[in-house]
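Structure record follows, encoded as structure tokens.
The values are calculated or read from the model by the stated rules, or taken from the named source; none is laboratory data. Everything quoted here is computed from the prediction, not taken from an experiment. Every residue, glycine among them, receives a Cβ derived from its backbone with ideal geometry; neighbour counts consider all protein chains shown. Calculation scope for accessible area: heavy atoms of the full protein, side chains included, ligands and nucleic acids excluded. Shrake-Rupley method; radii C 1.70, N 1.55, O 1.52, S 1.80 Å.
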Amino acid sequence: MTSKKLINSVANCADDALAGLVACNPNLQLLQGHRVVLRSDLDSLKGRVALLSGGGSGHEPAHAGFIGKGMLTGVIAGAVFTSPAVGSILAAIRAVAQAGTVGTLLIVKNYTGDRLNFGLAREQARAAGIPVEMVVIGDDSAFTVLKKAGRRGLCGTVLIHKVAGALAEAGVGLEEITERVSMVTKAMGTLGVSLSSCSVPGSRPTFELAADEVELGLGIHGEAGVRRIKIATADKIVTLMLDHMTNSSNVSHVPVKAGSSVVLMVNNLGGLSFLELGIIADAAVRSLEGRGVKIARSFVGTFMSALEMQGLSLTLLLVDEPLLKLIDAETTASAWPNTPRVSVTGRKRSRAAPTEPLEARDSTPAGGVASKKVVLVLERVCSTLLGMEDHLNALDRAAGDGDCGITHSRAAKAIQGWLKEGPPPARPAQLLSKLSMLLLEKMGGSSGALYGLFLTAAAQPLKAKTDLPAWSAAMDAGLEAMQKYGKAAPGDRTMLDSLWAAGQELQAWKSPGADLLQILTKAVKSAEAAAQATKNMEAGAGRASYISSARLDQPDPGAVAAAAILRAILEVLQS
């Protein structure tokens, strides 16, 4: 079965992609009759060296994303994963020559088709009297024994585009640019790893991976790597990659050691999430710095993809100050990142948290009767929520992402950890404020925010008094805050339904001589009844409001959790 792709046709997908890029970028132009993209200010390059690169499509933003002042003059694209035609390469060379450039450097990734087609076009151009040189980039660090074909050209090619572009912009001649970038390629290495295959439009996946496998050292077209390994943590995968890349027994290694200064490029092969990319980048920085390597610059993003492949590559380039200046030079290429031109290593990465305001001294002794009862209440609430995790998750799957139980368990574990640090404040206002901050920080999600709002507002009436009318007022304040910011109302099928029902019963606490437990018992029963009633409600707020009511045949998990919390409080007070 072929994979799904949002295209117009398989045959024209590369042309359509380039047309879209040019349509949205006034600095680019298509060369009529060819799959070639050039700088729109080509005539401004008179007297300078032109830089052309390219290869098969499917590696976006490479290569056309790196056209611009300070990088490439133009690119020649083939069909997906297919070398471009010799005629188009020659047309591009002629176009830049007719614009008055003094020579052309072809930057080619080391693949047989690219070498042959770019090489043939070069020979034809030279026969016509056009000065053309060619550098073949092989930065693959996967293979421990070098094969006749040599190292494959991977994401490190983009760094060569940058270095060559800076030199050309500075007016350096063709021969010198060729010599200098050829030297740079020898100080560079790239290694890829993938969790999945990719598929050329109209075709099946290029290879299969088991659910618990990753491919180490694969190419950007899905070519086989050096081996398959079991899935592991990001830290372990990155460590394995860097060990392999820098191992001196590996003939394609990068000679990086303690004291080396490098440029690090963390490249998304197409289908990796930004979340994972950030985790990988952190692991790479920590691992390199742990080896005594200085990271002079780091680039994280998608630079050379392999369609939708779920994977990444790491590139290391040994640098000195002159080379860094070329890396840092200005460019208008749309895909080159706007990254600070400062060293990553040695930079302070955190700032001290703001100091909390001094609180009024709690006159109630810590560990007193009230404090012990608070601990019992909180412990019962925590054990209740932990025991309900699977049930709440199951209820949440119908209308959400199935994590309501996980969220409440996270809150329970945070409270348990807090209780181990010492007795909680005995004063109700301070207790609720502390719990609010804890849940806002640790619980997460909309539930954490709503509980935090409720507790923050509920604490205010309890600062002056702590009698039953004050507790009823606290409930009112908490409910008002939840409605104000959460936009839910009673009957909207949310956690508010349980709390609102309880709050109506707790109004009786405002009457003289009210009985705490008798009224609280009624409040808990009302909350439980309201929670069960939510299964017959049409959701008016929250995530469930986007779901058809016909699919909502279970009570709202937030309402069930809120009622369970109130039940746990009652049971401790009754005992």
Practice problem: Just subtract the alpha-carbon distance of Trp418 and Arg397 from 0.36 nm times their residue separation and send over the number in nm, one decimal. | Solution: 4.6 nm
Quiz item: Going down the table (Lys373/Lys420; Lys257/Lys348; Lys420/Lys442), which pairs top 19 Å between alpha carbons?
Solution: Lys257/Lys348
Self-check item: Degrees between helix 445-459 axis and first principal axis of the chain (Cα, 0 to 90, nearest 10)
Solution: 40 degrees
Exercise. Above 20 angstrom, tally the Cα pairs of the range 244-365 and express them as a % of all pairs, no decimals.
Key: 55 percent
Quiz prompt | Semi-axis lengths, Å, the range 305-350, gyration tensor of Cα atoms, sqrt of 5 times eigenvalues | solution = 23, 17, 13
Quiz item: Going 7 Å from the Cα of Arg204 in the Cα-to-Cβ direction, what parts of the range 221-236 have a backbone nitrogen less than 20 Å from that spot?
Solution: 221-225
Quiz item: Quick one: net charge of Gly100's neighbours, Cβ under 11 Å, K/R +1, D/E -1?
Solution: +1
Quiz item: Residues with beta-carbon under 10 Å from that of Val262, excluding Val262: net charge, scoring Lys, Arg +1 and Asp, Glu -1?
Solution: +2
Quiz item: Extension gain Thr332-Ala529, at 0.36 nm per residue separation less the Cα-Cα distance, in nm?
Solution: 64.6 nm
Quiz prompt | Accessible area expressed per residue, the chain, with surrounding protein chains retained (probe 1.4 Å, Å²) | solution = 46 Å²
Self-check item: Euclidean distance of C-alpha centroids, the range 382-429 and the range 34-71, integer Å
Solution: 56 Å
Self-check item: Length released on extending from Lys510 to Ser273, taking residue separation times 0.36 nm less the Cα-Cα span
Solution: 80.0 nm
Quiz item: Going toward the positive end of the dipole of the chain, with +1 on Lys and Arg Cβ and -1 on Asp and Glu Cβ, which of Val158, Gly271, Leu499 do you reach last?
Solution: Val158
Quiz item: What aspartates and glutamates could a cross-link reach from Lys162, if we take a straight Cα to Cα line under 18 Å and drop same-chain neighbours fewer than 8 places away?
Solution: Glu60, Glu133, Asp139, Glu175, Glu176, Glu179, Asp320, Glu321, Asp328, Glu330
Self-check item: Carbon and sulfur %, accessible surface of the range 369-574 computed with the full protein complex present, 1.4 Å
Solution: 55 percent
Quiz item: Is it possible to state the helix-based mean residue ellipticity at 222 nm for the chain, with each DSSP H run of 4+ residues giving -39500 (n - 2.57), the sum divided by total residues, to the nearest 500 deg cm²/dmol? What is it?
Solution: -14000 deg cm²/dmol
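Hey, could you get me the Stokes-Einstein D for the range 76-137, Kirkwood radius over alpha-carbon pairs, 10 °C and 1.306 mPa s, rounded to whole µm² s⁻¹? Before the final figure, lay out the partial values.
Details: Rh = 11.6 Å.
After rounding, the answer is 137 µm²/s.
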Exercise. Using only Cα positions of the range 369-574, each an equal point scatterer, no hydration layer, compute I(q)/I(0) via Debye at q = 0.08, 0.09, 0.11, 0.18 Å⁻¹ and quote the log10 values to two decimals.
Key: -0.25, -0.31, -0.47, -1.35
Quiz item: If Lys and Arg each add +1 and Asp and Glu each add -1, what is the summed charge of the other residues whose beta carbon sits under 13 Å from the beta carbon of Thr332?
Solution: 0
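What FRET efficiency would be calculated for the residue pair Asp320, Ser249, taking the C-beta separation as r and a Förster radius of 35 Å, to the nearest 0.05?
Calculated value: 0.85.
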Practice problem: Just grab the label-to-label distance for Lys294 and Leu386, each label 7 Å out from Cα along the Cβ direction, in nm (one decimal). | Solution: 5.0 nm
